[in-house]
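The values are calculated or read from the model by the stated rules, or taken from the named source; none is laboratory data. Quantities reported herein were computed from a predicted structural model and do not represent experimental measurements. Quick reminder, even Gly has a Cβ in these numbers, built from the backbone with ideal geometry, and neighbours come from all protein chains shown.
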Amino acid sequence: MKRINFLNIMIDNVTMGEALEYINFLISQNKCSYVVTPNLDHIVTVEKDQEFAEIYRNADLVLADGQPLLWISRLKRRPIIEKVSGSDLFPLLCDMAAKFNYRLYILGSTEEVSQKAVKKLKQNHSGLQIAGIYSPPIGFEKDPQELERIIDKINHAKPHILAVALGSPKGEKFIYNYLEKLNVPLSISIGATIDFISGNKMRAPKWMSKCGFEWLFRFFCEPKRLGKRYLRDAIDIIPIIQKY
């Protein structure tokens, strides 16, 4: 892959098509691989969270999720050629799964939201096989018995792809910490994608996403939850840009 230095991480400088081809290759290898999709918040978190930084160093595929990353890359004269966001990638991944008979397992979100999402996915991707869904209880990551139960559920379902909808960095940390126990060829943390597919949350119009204002749309939808985070990221990214 065409991996380049970007601030405090490495990024695979690829198109959406190239990313899908490599994901298909990773699945065909039948090893335990995982994909991460950094955005501005991830970059900030990597700088102060050593475990998260380690997750990024060892990822099999790192895809730029967010127009601001492209802007910064141009400022640094190491341009990223295309935004490959998790929410755009996932439907195409489902198309590929249906084509090659890959089984998909969804971990996270609520059961109601996941069920709605599965219904939409089956409507939109003919032949897609859903190996299973599971909505873990709050605080599951601190419960060894629940963690073993989740791992057993996933392995019993034998998926080719594990889509983790637990938010970040929780989703990435779950995948990384239990990668060797999860007998899944490819795992990916997909953030709020299941909420978007189910209709539980609205996604920004394509023109806003293309122009780099998806964050603004999400802020107006969830100002209390996202306001402080976006402000913190906008402040904290400045010294990171200067440092690297």
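Within the stretch 204-240, restricting attention to residues that are part of a helix (DSSP H, G or I) and among the small types (Gly, Ala, Ser), which residue is modelled with the lowest pLDDT? The qualifying residue modelled with the lowest pLDDT is 209.
Here the stretch 6-38 is the region considered, the condition is being at pLDDT 95 or above, part of a loop (DSSP other than H, G, I, E, B) and of a type in the set (S, T, N, Q), and the residue that is nearest to the chain's Cα centre (by Cα) is 37.
Taken over the stretch 175-194, the criterion of being crowded, with 19+ Cβ neighbours inside 10 Å and at pLDDT below 90 is satisfied by 191 alone. Among all residues of the stretch 136-150, there is at least one that is touching a Pro at 6+ places or on another chain (Cβ under 7 Å), assigned to a helix (DSSP H, G or I), buried (at least 17 other Cβ atoms within 10 Å of the Cβ) and at pLDDT 95 or above. The set of residues in the stretch 155-167 that are over 23 Å from residue 22 (Cα atoms) and either more than 17 Å from the chain's Cα centre (by Cα) or crowded, with 22+ Cβ neighbours inside 10 Å (or both) comprises 155, 156, 157. Put simply, of 191, 171 the only residue that is of a type in the set (Gly, Ala, Ser), in a helix (DSSP H, G or I) and in contact (Cβ under 8 Å) with a residue 12 or more places away in the chain is 171.
So that you can scan it fast, the table gives a plain yes or no per residue for (1) surrounded by 15 or more Cβ atoms within 10 Å (Cβ to Cβ); (2) free of Cβ contacts under 8 Å to residues at least 12 places away in the same chain:
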| position | (1), (2) |
| --- | --- |
| 42 | yes, no |
| 48 | no, yes |
| 54 | no, no |
| 57 | no, no |
| 60 | yes, no |
| 66 | yes, no |
| 73 | yes, no |
| 78 | no, no |
| 81 | no, no |
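Just so you know, in the stretch 98-122 the residues that are more than 23 Å from residue 149 (Cα to Cα) and without any contact (Cβ under 8 Å) to a residue 40 or more places away in the chain include one that is surrounded by the most Cβ atoms within 10 Å (Cβ to Cβ), and it is 98.
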